Amino acid sequence: MPVASASKVTLRQVAAELALTQFLSHRDYLRALYLGAKARSDTYSYLKFAEDLGFSRTNVIRLIISGQRPLTSKAAERIAKALDLHGADRRFWTTLIKYGNARLPAERDNLFRLLMSYKTKSQPTELDPVQAEYFSEWYHPVIREMTGLAEFNGDPEWLKARLTFPLRLEQIKRSLELLEKLGVIHVDGERGHFVRTAGRIATDAEIDSMAIVRFHQKMIEIGRESITVVPEDSRDIRAVTVTLPKAALPLLKGKIEEWVAQIAAMEEDMQPGEQVIQVNVQMFPFTKT
């Protein structure tokens with residue numbers, strides 16, 4: 001059995017210290033691996049990195065990291081073997097490659113769910129399990145808000161009929177059970193049905209959680225569907241493309257956070273509510289610096 005080189009041993013140590021399941025991009029993971037190995041040896045190069053991962057001594061890995069070359073499932077297996085990945089980490093890695101290469105929305109959705117399950121087995125979630133379940137489906141926050149509508153009479157069928165995007169009755173009933181467990185709704189003694197409480201489910205703005213990622217992915221997808229499903233006078237889709245210095249990004253993020261806080265405050269100032277509205281704000285760079 002061949003003995004691993006010193007640099008390969010170091011690379012495996014770096015891999016063992018990195019939390020693979022924190023990554024949703026194989027390119028980001030490979031970049032972090034390389035930088036970790038480079039930090040331990042100034043002479044470490046992309047050529048040596050490729051060799052340690054089981055490839056020929058070329059710039060192949062650098063091209064993969066930069067997005068100029070795809071990473072196939074076969075090559076992913078080679079990397080998993082080189083890094084000595086086992087169990088949930090190995091399954092997460094190979095699924096991550098399939099997720100990155102998938103193009104059909106349904107396929108990506110199924111693969112993302114697999115990634116979430118592997119992460120749960122590999123390491124504890126940053127959120128409470130019940131809290132994580134709340135963000136795992138787009139409709140839990142929507143159902144919670146609908147229980148605060150003046151016309152709500154506690155009937156799941158009423159909720160089903162009022163939704164713009166359809167849900168099954170059993171989904172609505174399970175959602176109500178979850179929301180009660182979380183303490184954001186409760187059974188009102190006088191009305192005899194669920195009503196909203198003052199409790200809220202919130203997370204830090206920068207929390208790194210696949211449950212949160214999943215939630216935002218679904219909301220963006222639904223926002224796209226709304227262009228054809230929701231009448232124009234009931235929606236507003238806008239976009240602006242600008243050229244700004246990189247230093248402006250924190251300012252933009254700050255403006256978005258301030259604006260979102262103002263929108264959230266409107267709920268307290270404008271009661272009673274008559275309709276549940278989703279507001280999505282997207283900001284991302286089209287170019288690299």
query: If the Cβ limit is 6 Å and pairs must be 6+ apart or interchain, which residue in segment 74-102 that is touching a residue at least 12 places away in the same chain (Cβ under 8 Å) and under 15 Å from ILE64 (Cβ atoms) pairs with which residue that is in a loop (DSSP other than H, G, I, E, B) and open to solvent by 20 Å² or more (accessible area, probe 1.4 Å)?
result: ARG78/GLY54; ALA82/GLY54
statement: Selection from segment 231-246 of residues open to solvent by 90 Å² or more (accessible area, probe 1.4 Å) and either part of a helix (DSSP H, G or I) or in contact with a Pro (Cβ under 7 Å, 6 or more places away or on another chain) (or both) yields GLU232, ASP233, LYS246
message: Take LEU178 and tell me if it is modelled with pLDDT of 85 or more and under 30 Å from PRO231 (Cβ atoms).
response: no
query: Only one residue in ILE61, ILE79 is in contact with a helix residue (DSSP H, G or I) (Cβ under 7 Å, 6 or more places away or on another chain) and modelled with pLDDT of 90 or more. Which one?
result: ILE61
- request: Give the residues of segment 146-163 that are touching a residue at least 40 places away in the same chain (Cβ under 8 Å) and open to solvent by less than 40 Å² (accessible area, probe 1.4 Å), sorted by residue number.
  value: MET146, THR147, GLY148, LEU149, PHE152, GLY154
message: Quick test for you: out of ASP84, ASP52, pick the one residue that is charged (D, E, K, R) and open to solvent by less than 60 Å² (accessible area, probe 1.4 Å).
response: ASP52
task: Those residues that are farther than 16 Å from PHE112 by Cβ, in a helix (DSSP H, G or I) and of a type outside the set (Gly, Ala, Ser), I need them from segment 211-230; list them, please.
output: ARG224, GLU225, ILE227, THR228, VAL229
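Given the options ARG69, ARG78, ARG27, name the one that is closer than 24 Å to ILE212 by Cβ and surrounded by fewer than 16 Cβ atoms within 10 Å (Cβ to Cβ).
On the way: ARG69 fails: closer than 24 Å to ILE212 by Cβ; ARG78 fails: closer than 24 Å to ILE212 by Cβ.
Of ARG69, ARG78, ARG27, the one residue that is closer than 24 Å to ILE212 by Cβ and surrounded by fewer than 16 Cβ atoms within 10 Å (Cβ to Cβ) is ARG27.
Can you tell me which residue among LYS98, LYS119 is open to solvent by less than 20 Å² (accessible area, probe 1.4 Å), touching a helix residue (DSSP H, G or I) at 6+ places or on another chain (Cβ under 7 Å) and either under 30 Å from LEU182 (Cβ atoms) or not aromatic (Phe, Trp, Tyr) (or both)?
Working: LYS98 fails: open to solvent by less than 20 Å² (accessible area, probe 1.4 Å).
Matching residue, one of LYS98, LYS119: LYS119.
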statement: Only one of LEU53, LEU20 is within 16 Å of ARG90 (Cα to Cα) and modelled with pLDDT of 90 or more, namely LEU53
- request: Give the residues of segment 247-263 that are open to solvent by less than 90 Å² (accessible area, probe 1.4 Å) and either of a type in the set (Val, Ile, Thr) or touching a residue at least 40 places away in the same chain (Cβ under 8 Å) (or both), sorted by residue number.
  value: ILE256, VAL260, ILE263
- prompt: Do we find a residue being among the small types (Gly, Ala, Ser), open to solvent by 70 Å² or more (accessible area, probe 1.4 Å) and at pLDDT 80 or above anywhere in segment 194-201?
  reply: no
- prompt: Taking segment 264-287, which residues are open to solvent by less than 70 Å² (accessible area, probe 1.4 Å), farther than 20 Å from ILE212 by Cα and not in a loop (DSSP other than H, G, I, E, B)?
  reply: ALA265, GLU267
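The values are calculated or read from the model by the stated rules, or taken from the named source; none is laboratory data. In this text, all values refer to a predicted model and were calculated from it rather than measured experimentally. Ideal geometry is used to build each Cβ from the backbone, glycine not excepted, and the neighbour counts take in all protein chains shown. We work out accessible area using only protein heavy atoms, side chains counted, and drop any ligands, DNA or RNA first. Shrake-Rupley method; radii C 1.70, N 1.55, O 1.52, S 1.80 Å.
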